[in-house]
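Nothing in this text is a laboratory measurement; each read-out follows from the coordinates by a stated rule. Since we're looking at a predicted model, the values are computed, not measured. Please note: Cβ atoms are built from the backbone with ideal geometry, for glycine as well, and neighbour counts cover all protein chains shown.
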Amino acid sequence: MSRERNLAKIAESTFSKLDKVHSEIFTMTYGAIVTTLVEDLDNVDEVNAQLDKMGHNIGERLVDELLAKTGLNPQPDMRYVMEIVTRVGFRIYLGITPTLSNWNADSTTVTLSFRDSALSDWVELPHTLDDLSYFQLVCGVIRGALEMLGMKVKCTITADKLKGAQTTDILVELQEVMQAKFYN
Amino acid sequence: MVIHSLFILSQSGNLIYNQVFQERSPEASKISANDQILLASVFHGFHTMGRAIDGSKSGIEKVYFGECVLECRGTPTGLKLFVIADRSSADALTKFLSAIYELLADIVLKNPFQSLQQPIRSELFTQSVSKTALAVK
């Protein structure tokens, strides 16, 4: 419990130091990116893949900013790192704190649930885009950031608020801890 | 109270940034660019060995030699930042490296045209590093 409170405190003090942007500029920019991809690419799977790739590139870069500004120095420990992702990462970059639930016994899979997020305010998916994962970029960000910490994860959207669910859920599964990478 | 030089190594041990603070450190600026790459590689090797022997994640943190001190900061993402300075500045180096890491995250990593493994050539970064180094007391 105290670890969680400590992370929340770090998040608040970092959040107060960072420059802010009006959330609607952000929502509209993200909307423009998604709709441009939908127009430019042939099918929705391709759009999802591109969003994931863009997210990955963002995550790879953001992780260092988070570590530099918070002074956190995590080992590749899934429970601790996921707490940092939710309590610090999402808090300082999107202003939200998703909840973590459904940890499996050996702490390798967990579900992140989002009640609301600036990303998808005002969005209504047309029926022609039923297969679009509007949130896919966020999956990529998590994947990219954790990869830099030596953890290979798979992120899947298991429930989507835009498709009628109560929350948007991302299932994060740890596939491999890449120790060797740092020693070779 | 002088900071002589700063090195940044990528995850794979390549020297991606190196700056000698010439006007304050004429001796250090006599070392050729090639030798600096060599020095950085040697340090990378020792650092990796240190971690393997010790089993810890941090590796070499400080080296004292003569009038100087080397301090290294490894990041969880595998970057290594290290600085060589006069012993009289030793206490300020941890803070200095934190400041450099923040500059790196802000100025370099947020540039979409900068690839993560490539050498850093950013005028703004160089200027900001110089400013930070000059401010060290």
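A compact table of results
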quantity	calculated
Exposed chymotrypsin sites (Phe, Trp or Tyr not before Pro) absent: longest stretch of chain A, with sites in DSSP loops and at most 16 other Cβ within 10 Å deemed exposed	A:1-102
Links that overshoot a 22 Å alpha carbon limit, given the list A:K69/B:K57; A:K20/A:K163; A:K69/B:K110; A:K152/B:K57	A:K20/A:K163
Alpha-carbon centroids, region A:17-79 and region B:1-68: separation in whole Å	33
Nitroxide proxy distance, nm - points 7 Å out along Cα→Cβ at B:N14 and A:S13	3.6
Loop trypsin sites (Lys or Arg not before Pro), region B:64-135 (other Cβ atoms within 10 Å of the site Cβ: 15 or fewer; DSSP)	B:K110, B:R121
In order through region A:171-176: 3J(HN,Hα) via Karplus (6.51 cos²θ - 1.76 cosθ + 1.60), integer Hz, x for Gly, Pro	8, 10, 10, 6, 9, 6
In order through region B:62-72: 3J(HN,Hα) via Karplus (6.51 cos²θ - 1.76 cosθ + 1.60), integer Hz, x for Gly, Pro	9, 10, 9, 8, x, 8, 10, 9, 10, 10, 10
Amide proton proximity set for B:I16, modelled H, under 5 Å, gap of 5+	B:I8, B:L9, B:S10
Degrees separating the helix A:2-17 axis from the principal Cα axis of chain A, which is the longest one	60
